[in-house]
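Worksheet: one structure, shown below.
The values are calculated or read from the model by the stated rules, or taken from the named source; none is laboratory data. From a predicted model like this one, the values you see are computed outputs, not experimental measurements. So basically every Cβ, Gly included, is an ideal-geometry build from the backbone, and we count neighbours across all protein chains shown. Ligands, DNA and RNA are excluded from the accessible area calculation, which covers all protein heavy atoms including side chains. Shrake-Rupley method; radii C 1.70, N 1.55, O 1.52, S 1.80 Å.
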Amino acid sequence: MDGFRSNDSKQNIDRHSRAEMGSFGERTILEFEDESLVSPVSLNRKNFSIEHSSSLGGGSQKLCYGNMKNRVFHSIKVVVFSAKINFLMPFGPLAILVSSLTGHHGWVFLLSLLGIIPLAERLGYATEQLACYTGATVGGLLNATFGNATELIISIYALRRGMIRVVQQSLLGSILSNMLLVLGCAFFAGGIVVSKREQVFSKASATVNSGLLLMAVMGLLFPAVLRSTHTELHSGKSELALSRFSSGIMLVAYAAYLVFQLKSDKNLYLPVTEEDTEENLDDEDAPEISMWESIIWLFILTIWISVLSEYLVNAIEGASVVMNIPVAFISVILLPIVGNAAEHAGAIMFAMKDKLDISLGVAIGSSTQISMFGIPFCVVIGWIMGCPMDLNFQLFETATLFITVIVVAFMLQDGTSNYLKGLMLILCYLIVAASFFVHVDPASVEDKTRKHRV
C-alpha cells in the first residue's frame, strides 16, 4: 500500500511539474510575443525580413521586365534595322503624308510602291523564321502563302473599289513575274556562280507544277473564248457562271495538291542531290527570333501592308494619267515586281547556294498558288461582295499566260538549268513587259480617257 501511495505521489508530482512547465512555456511564449510587439529589435528584424522578401520580389520583377525589354529591342533591331533594304520604310509614312497634304496621285503611288517593297521582304523574312519551327513542308507552304499576301491584299482592296481589271492583271502579272523574271534571275545567278557544271533539280515537282499551271490556263481560256466567240447560252450570265464553277473546281484541285504534297508523297520534293543534306542542315542558320515574335511581326507587317495597299490602289488610275503609263502596264508589271520582292531575293539567294529545288519551289510554287488559289479565291470574294469578278482575262492576257507556261515547261523538262536558260527567261519577260506597255485595254477607264484626250 505504501508503495502504491508513493508511486501515486510521484506521478502527481510529475504531472504537477509538467503542468507548471507547460504553463511556464505558454507564459514565456506569450511574453515573448508581447515583447515582440513593442521591442524595437524585433521590429527591426521583422522589417528587415519583410524588406528582404519584397526586395527579392521586386528584383525578380525588374529582372523579368528587363529581359522582356531587351527581347523587344533585340526583335526590333533584327527585323527593322538588320536589312539594308529597310531604308525604304520611311517612304510608306511619307506616302500617307503626301496624300493628306497634296493628294498628288503620282507621288502617292510612287511612294507607296517604294514603301511596300521592304515590308514585302520583311514579311518573307518573318515567314522564314516561323518556318524554322514548323518543318520544311509546312514552312514551304507558309513561304508561298505569305509571299503572295501582298498581291492578295492589293486585290481585295481593288475589288472593294470595283477595279476588276486591276485585280485580274495584277494577279496575271504576278504569275508572269514569278515564272519569267524570278525564275530567270535565279537560273542566271546560279549559273554564273556555279559555272563549272549544270545545276539540277527535281523533275517530278516541276512536272506537277507545270500540270497545275496548264489546268489554270484551261480555266482562264474557256470564259475568254466563250465571250469572244459570242456563243454564250445566256448573254452576260453564262460567262460569270462558268467562271464561278471553274473557280470551285480549281480550289478543289489545289486542296488535293496540298494533301498530295503534305501526306501522300512526302519524298516528291526532296532535293536531287542528297549527299550534303546533313551538312547543309548543320550549316543553316538558327532562327534569330522566337516563334511568337515571328507571328506578331507577321500580324504587324500584314496590317501595315494593308494600309499602304489602300493608298496604292486609290492612286493607280490617277498615276496612270499623270505619268502617261497604261493601267495594264502598272497592274501587270509594276505591282507584281513590288509584291514579289521577297520571292525574288530568296530565289536568287538559294540558287547561288546551289539549292535550286528551293528556288524552283519559291518561283513556280508561288505561280501555282496564285493561279490555282489566288485567282479563284478572288472570284469567290467578289461573289460575296457582289462584284462580278470572272475568269475572262481577255484574249491578249490569256494568250500571254498560255505561251509563258509552255516556254517555262520546256525549260524545266530536262531537270537542269544554266545561265543561258535564265537569260532567255529574262528576255522573254522584257518582251512581255514591252507588249503590255503598248497594249490598250478596252475595259480600262483610264485608257478610254486617254483615247478621248488623243
Identity of the residue in segment 162-203, hydroxyl-bearing (Ser, Thr, Tyr) and part of a loop (DSSP other than H, G, I, E, B), that ends up farthest from Met389 (Cα to Cα): Ser195
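Given the criteria at pLDDT below 85, open to solvent by less than 70 Å² (accessible area, probe 1.4 Å) and either on the phi < 0 side of the Ramachandran plot or not polar (S, T, N, Q) (or both), does Pro287 qualify?
It is true that Pro287 is at pLDDT below 85, open to solvent by less than 70 Å² (accessible area, probe 1.4 Å) and either on the phi < 0 side of the Ramachandran plot or not polar (S, T, N, Q) (or both).
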Selected residue [in contact with a strand residue (DSSP E or B) (Cβ under 6 Å, 6 or more places away or on another chain) and among the aliphatic types (A, V, I, L, M)] from Val200, Val208: Val200
Just one listed residue, out of Ile384, Ile348, Ile364, is more than 13 Å from Gln168 (Cα to Cα) and without any contact (Cβ under 8 Å) to a residue 60 or more places away in the chain, and it is Ile384
Yes/no for Met372 being modelled with pLDDT of 90 or more, assigned to a loop (DSSP other than H, G, I, E, B) and surrounded by 19 or more Cβ atoms within 10 Å (Cβ to Cβ): no
Would you confirm whether or not segment 431-444 contains a residue that is in a helix (DSSP H, G or I), open to solvent by 60 Å² or more (accessible area, probe 1.4 Å) and not aliphatic (A, V, I, L, M)? yes
Scan segment 168-206 residue by residue and report those that are of a type in the set (S, T, N, Q) and over 26 Å from the mean Cα position of the chain (by Cα). Ser195, Gln199
Tally of residues being surrounded by fewer than 17 Cβ atoms within 10 Å (Cβ to Cβ) and in a loop (DSSP other than H, G, I, E, B) across segment 392-414: 2
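Residue by residue through segment 64-87, note down the ones that are open to solvent by 100 Å² or more (accessible area, probe 1.4 Å) and in a helix (DSSP H, G or I).
Passing the criteria: Tyr65, Met68, Arg71, Phe73, Lys77, Lys84, Phe87.
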Filter result (assigned to a helix (DSSP H, G or I) and among the hydrophobic types (A, V, I, L, M, F, W, C)) within segment 88-105: Leu88, Phe91, Leu94, Ala95, Ile96, Leu97, Val98, Leu101
Index of the failed condition, Met389 passing every other in (1) within 21 Å of Asn148 (Cβ to Cβ); (2) part of a helix (DSSP H, G or I); (3) open to solvent by less than 10 Å² (accessible area, probe 1.4 Å); (4) not β-branched (Val, Ile, Thr): (2)
List the number of the failed condition for Thr127; all other conditions in (1) of a type in the set (Ser, Thr, Tyr); (2) in contact with a helix residue (DSSP H, G or I) (Cβ under 7 Å, 6 or more places away or on another chain); (3) open to solvent by 30 Å² or more (accessible area, probe 1.4 Å) hold. (3)
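Answer yes or no as to whether Ser195 is polar (S, T, N, Q) and at pLDDT below 90.
Yes: the conditions hold for Ser195.
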Output yes when any residue across segment 164-183 is at pLDDT below 80 and aliphatic (A, V, I, L, M), and no when none is. no
Only one of (1) surrounded by fewer than 21 Cβ atoms within 10 Å (Cβ to Cβ); (2) of a type in the set (Val, Ile, Thr); (3) in contact with a His (Cβ under 6 Å, 6 or more places away or on another chain) fails for Ile192. Which number is that? (3)
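Residue-wise test of (1) assigned to a helix (DSSP H, G or I); (2) within 13 Å of Ala186 (Cα to Cα); (3) modelled with pLDDT of 90 or more; (4) polar (S, T, N, Q).
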| position | (1), (2), (3), (4) |
| --- | --- |
| Asp354 | no, yes, no, no |
| Leu360 | yes, yes, no, no |
| Trp383 | yes, no, yes, no |
| Glu446 | yes, no, no, no |
| His452 | yes, no, no, no |
Could you pull out the residue among Ala206, Ala255, Ala241 that is in a helix (DSSP H, G or I) and surrounded by 15 or more Cβ atoms within 10 Å (Cβ to Cβ)? Ala206
Matching residues, segment 209-238, being outside any helix (DSSP H, G or I) and either open to solvent by 60 Å² or more (accessible area, probe 1.4 Å) or under 16 Å from Phe393 (Cα atoms) (or both): Thr229, His230, Thr231, Leu233, His234, Ser235, Gly236, Lys237
Going by what's in this entry, would Ser331 be described as touching a Lys or Arg at 6+ places or on another chain (Cβ under 9 Å) and crowded, with 21+ Cβ neighbours inside 10 Å? yes
Of all residues making up segment 62-112, the number that are at pLDDT 85 or above, touching a helix residue (DSSP H, G or I) at 6+ places or on another chain (Cβ under 7 Å) and not hydrophobic (A, V, I, L, M, F, W, C): 6
Looking at Leu391, Leu360 in this structure, which one is out of contact with any Asp or Glu (no Cβ under 6 Å at 6 or more places or on another chain), hydrophobic (A, V, I, L, M, F, W, C) and closer than 18 Å to Val225 by Cα? Leu391
